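Accompanying notes for the structure given below.
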Amino acid sequence: MGRPLGRRWPRPRAAGGWLRLCRGAMGALGLVCHTSPVTTGELRRAGPAASLRHTASKVPEVTVYFWLTKVLTTGMGEATSDYLVHRLSPVIAVGLGGIALVASLALQFFRRRYATWIYWLAVVCVAVSGTMVADVIHVGLGIPYLVSTSFFSVALAAVFATWYAVERTLSIHSICTRRREAFYWATVMTTFALGTAAGDMTAATMGLGFFASGVMFAVVIAVPAIAPWRLGLNAVVAFWFAYIVTRPLGASFADWMSVPTSRGGLALGWGPVSLAMTVIIVALVAYLTISHKDAAAGRWPSGPARAQVPGPADGRAEPGRAEPGRAQPGRAQYRQPRSQPGRPQPGRHRAPSGSRSRGREARP
C-alpha cells in the first residue's frame, strides 16, 4: 500500500499502537498526551480502506482541555444524578437517564467523524447514567461500596482483556471502526461506574469525607503524569489510570460543594452545582468546536491532498530520481509515436474532406 500524497508514514512501532506521552507533567490536570498514528503494519492488515478509516477517528486529541472537560463532566454527572433522584422518582430518573444515554450513543455511532459536541454529550450522559447505576447497586440493592468497587474493577479488567484480545491495541486513537468504538464506550461506561463506587467508598466507608477524598484523588491523578518517566509505567496504562481517577476526583468535589454542612459540605445544593458546571462545560465545548484545539494534529485532511514530490530545497534531483526530460538507466522510457500518413497527430483534428477540397479549389 503506497503512502498518502504529501505525507510520510511514521516509523513502524510495536503491535498494539501504544500511546505516547510526549509532554511533561503539567500539574494534576496537565497530563497531555499526543498519540502516534496507526502503524504501517496495522494499515496493511486492515486493508485498502484503512487510511480512510483513520481519518475518521471518533475521539478527541488528549490535551489539557480534554482533562479539564472530563473532570467537569464527572462532577456535573454526580450532581445531576443526585438532583434528579431527589426531585423525581428514582425509577423515572433512572429511566430518563437510560433514554438519554441510548440516544446520545446512537448519535455518536451514527456520526462518521469526530464531532466535539456529540462526543461530550455522550460523555455527559454516561456520567449521569454511571452515577445512577452505582447508586442503584448500593442504595437499591444494599450492596456495600467495597463489593461494588471490586465488581466494577473485575468488569473493567474483563473489558480491557477482551478489547486487547480482539483488536491487539488499547490505543484510544485507533478508534476508527465500529467495533473499536463499541469497546471504547464500554470501557468509558465501566470506568464511570467504578470511579463513582470508589469515590463513595473512600468518602463514606473509609470515613474520609468528600473534601479529603477529592484531595487524595488529586494527588493520585498526578502519578500517571510522572510514572512514565520515573517508574517506566506504560503510556496506555498511565492514560487509563488517569481516566479512571478523574471520576472520583470530580465527583468528590461536586458532592463536597452540594451536600449540607452537617455532612461536611458547602450546602450549595445539587441543582446550582450541576447548572454551574454545565455552563462551564458548554463554554469549553463551544471553544473547542471553534478553535479545533481537540483535533488531532496528525490527522489527514478530509479533502483531496495535493501531490508533493519530496526533494531538496535547491531544486536538484535526489539520488536515484530521474530529472524531468532525462532518461533513467535501467528503466524503459516512453516515447511518443510518430505520426503516420493518413492519421492525425495527437491534439489535432482532421478537417472534413469537403472542407479540404473547397480550400484547395479556392487557392489561386
**Asked** Taking Ala158, is it more than 17 Å from the chain's Cα centre (by Cα), on the phi < 0 side of the Ramachandran plot, part of a helix (DSSP H, G or I) and without any contact (Cβ under 8 Å) to a residue 24 or more places away in the chain?
**Response** yes
**Message:** Please determine whether any residue of the stretch 186-207 is without any contact (Cβ under 8 Å) to a residue 40 or more places away in the chain and over 30 Å from Phe109 (Cα atoms).
**Reply:** yes
**Verdict on Leu194 being over 23 Å from Ala238 (Cβ atoms) and not hydroxyl-bearing (Ser, Thr, Tyr)** = no
**Message:** Tell me the residue from Arg53, Arg11, Arg44 that is outside any loop (DSSP other than H, G, I, E, B), at pLDDT below 50 and loosely packed, with under 15 Cβ neighbours inside 10 Å, please.
**Reply:** Arg44
**Asked** If you check Phe239 against the conditions, is it touching a helix residue (DSSP H, G or I) at 6+ places or on another chain (Cβ under 6 Å), assigned to a helix (DSSP H, G or I) and crowded, with 16+ Cβ neighbours inside 10 Å?
**Response** no
**Positions within the stretch 167-209 being in a loop (DSSP other than H, G, I, E, B) and among the hydrophobic types (A, V, I, L, M, F, W, C), in sequence order** = Leu170, Ile175, Cys176, Met206, Leu208
**Request:** Tell me which residues, restricted to the stretch 75-103, are over 16 Å from Ala197 (Cα atoms), surrounded by 15 or more Cβ atoms within 10 Å (Cβ to Cβ) and small (Gly, Ala, Ser).
**Result:** Ala93, Gly97, Gly98, Ala100
**Request:** Being touching a residue at least 24 places away in the same chain (Cβ under 8 Å) and outside any helix (DSSP H, G or I) is the filter here, so list the residues in the stretch 99-134 that pass it.
**Result:** Arg111, Arg112, Arg113, Tyr114
**Prompt:** Of everything in the stretch 185-235 that's of a type in the set (Val, Ile, Thr) and farther than 22 Å from Leu141 by Cβ, which residue is surrounded by the most Cβ atoms within 10 Å (Cβ to Cβ)?
**Reply:** Ile221
**Request:** Search the stretch 254-264 for residues being of a type outside the set (S, T, N, Q) and buried (at least 24 other Cβ atoms within 10 Å of the Cβ), and hand back the single one that is nearest to Ser274 (Cα to Cα).
**Result:** Ala254
**Fill in**
Of Ile143, Ile137, the only residue that is outside any helix (DSSP H, G or I) and surrounded by fewer than 21 Cβ atoms within 10 Å (Cβ to Cβ) is Ile143
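The values are calculated or read from the model by the stated rules, or taken from the named source; none is laboratory data. As the structure is a prediction and not an experimental result, all values here were calculated from the model. Virtual Cβ from ideal backbone geometry, glycine too; neighbours counted across all protein chains shown.
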